[in-house]
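Written below as structure tokens is the structure these notes are about.
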Amino acid sequence: MSISPITTKEFECFQHLIYDHAGISLSAEKKVMVASRLAKRLDHHGLSRYGDYFQIVLSQEYPDEFQMMVDILTTNETYFFREPQHFEFFHDEILRHWRDDDNFRVWSAASSSGEEAYSLAMVMAESLGMRSWEVFGSDVSVRVLNSARAGVYSMDRLQNMDNRYLEKYCLKGVRAQQGFFRVDAKIRSHVEFEQVNLKAPLPPHLGKFNVIFLRNVLIYFDQETKQHVVESLLRTLKSGGYFFVSHSESLHLVTDKLQMVKPSIYRKP
Ligand SMILES: C[S@@+](CC[C@H](N)C(=O)[O-])C[C@H]1O[C@@H](n2cnc3c(N)ncnc32)[C@H](O)[C@@H]1O
């Protein structure tokens with residue numbers, strides 16, 4: 001069945017829905033992108049109009065469709081050791097000076113498919129070894145969390161990963177798995193993934209973290225949502241803890257509760 005072009009009104013329905021749910025602001029220029037990403041779901045349901053698909057997303061009859069729409073409309077690009085200076089700082093300035101015996105906890109708060117969380121875990125395994133530590137990864141998309149839990153990646157995802165980590169903490173696939181690698185169980189056992197929508201009230205069981213990575217997600221939020229999300233995450237950051245955003249993001253005018261250590265790296269007094 002051929003699909004009619006998305007109308008402005010239909011686009012606005014999805015725009016409001018994803019904003020209300022996840023805080024993601026889609027500008028009018030994203031209309032074509034939204035239409036092309038959702039087209040496969042219209043195909044799947046044999047629909048020709050985006051408005052009819054919108055009704056399905058809201059309908060009780062298709063309880064999984066709402067989440068599928070969220071999965072499709074989020075942008076999940078990520079890779080191992082993205083922005084390597086952050087991992088150097090994490091190792092040299094934070095972990096190397098860590099003397100306490102407490103469980104060291106890090107949150108990858110928009111983890112996508114897990115590359116950031118596993119990169120952190122590999123650095124922690126090197127520095128903290130047998131001491132107690134864990135990484136918590138979360139995202140609003142269920143699809144990426146499923147890949148994150150599996151921990152299987154194509155070899156072309158490696159770009160920035162040091163060979164040392166690959167040899168020590170990853171298992172290269174053979175035969176049918178050729179071209180893929182799996183993060184080793186000794187790393188995976190320290191990493192847990194759970195769905196958390198940063199716009200919604202945070203689950204009470206999260207506890208407190210020593211370090212939070214909130215990278216490459218604030219760019220999708222408007223000022224009000226940025227402030228709300230950062231305030232909410234800061235309640236889970238220990239005093240003296242570190243907060244990372246991407247180099248292309250800033251917390252200027254977002255919060256005054258953090259001190260900048262260097263651009264994109266902050267500390268809670
Ligand atoms: C571009 S990825 C960033 C991944 C990783 N942090 C990095 O820097 O490579 C952005 C992620 O933010 C997630 N996201 C968007 N809105 C969210 C929300 N309200 N709550 C939780 N995650 C959200 C998306 O699903 C996506 O996986």
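Read-outs throughout are calculated quantities, based only on the coordinates presented, and are distinct from any laboratory measurement. Being a predicted model, the structure only gives us computed values, none of them experimental. Reconstructed Cβ throughout: ideal geometry from the backbone, glycine too, with neighbour counts over all protein chains shown.
Defining a contact as two alpha carbons under 8 Å apart and six or more residues distant in sequence, what relative contact order in percent does region 119-215 show?
Relative contact order here is 36 percent.
Within a Cβ distance under 15 Å of Thr225, other residues only, what is the Lys/Arg minus Asp/Glu net charge?
-3
Going toward the positive end of the dipole of region 84-267, with +1 on Lys and Arg Cβ and -1 on Asp and Glu Cβ, which of Val152, Val196, Phe209 do you reach last?
Positive-end residue among those listed: Val152.
If I model a spin label at Glu88 and Ser4 as a point 7 Å from the Cα along the Cα→Cβ vector, what separation in nanometres do I get?
5.6
Taking the alpha-carbon distance from Lys31 and a cut-off under 17 Å, which lysines remain once sequence neighbours fewer than 8 residues away in the same chain are dropped?
Result set, ordered by chain and number: Lys9, Lys40.
I'm checking a number: the convex hull volume of the Cα atoms of region 173-269, normalised per residue, in Å³. What is it?
It is 150 Å³ per residue.
For the chain, what is the calculated [θ] at 222 nm in deg cm²/dmol (nearest 500), taking -39500 (n - 2.57) for each run of four or more DSSP H residues and dividing by its residue count?
That calculation yields -11000 deg cm²/dmol at 222 nm.
Are any of the pairs Lys199/Lys238; Lys226/Lys262; Lys172/Lys262; Lys168/Lys268; Lys30/Lys268 more than 26 Å apart by Cα-Cα distance, and if so, which?
Lys172/Lys262; Lys168/Lys268; Lys30/Lys268
For region 147-154, what does the Karplus curve 6.51 cos²θ - 1.76 cosθ + 1.60, with θ = phi - 60°, yield as ³J(HN,Hα) per residue in whole Hz, taken in order and with x for Gly and Pro?
Working through the residues one at a time gives 5, 4, 5, 5, x, 10, 9, 6 Hz.
Dipole size in debye (nearest 20) for the chain around its Cα centre, Lys and Arg Cβ +1, Asp and Glu Cβ -1?
460
Taking 0.36 nm per residue of separation and subtracting the Cα-Cα distance, what length does fully extending Glu29 through Ser189 add?
My answer for the length gained is 53.4 nm.
In the chain, with Lys and Arg counted as +1 and Asp and Glu as -1 at Cβ, which of these residues, Gly114, Val174, Ser264, has the Cα nearest the positive end of the dipole, that is, farthest along it?
Val174
In region 1-68, if the dipole is taken from +1 on Lys/Arg beta carbons and -1 on Asp/Glu beta carbons about the Cα centre, which of Ser2, Leu58, Leu47 is farthest to the positive end?
Ser2
Quick one: dipole size for region 131-229, taken about the Cα centre, charges +1 on Lys/Arg Cβ and -1 on Asp/Glu Cβ, in debye to the nearest 20.
360
Before anything else, pin down the relative contact order of region 8-73: Cα pairs under 8 Å, at least 6 apart, normalised by residue count, whole percent.
So the answer I get is 31 percent.
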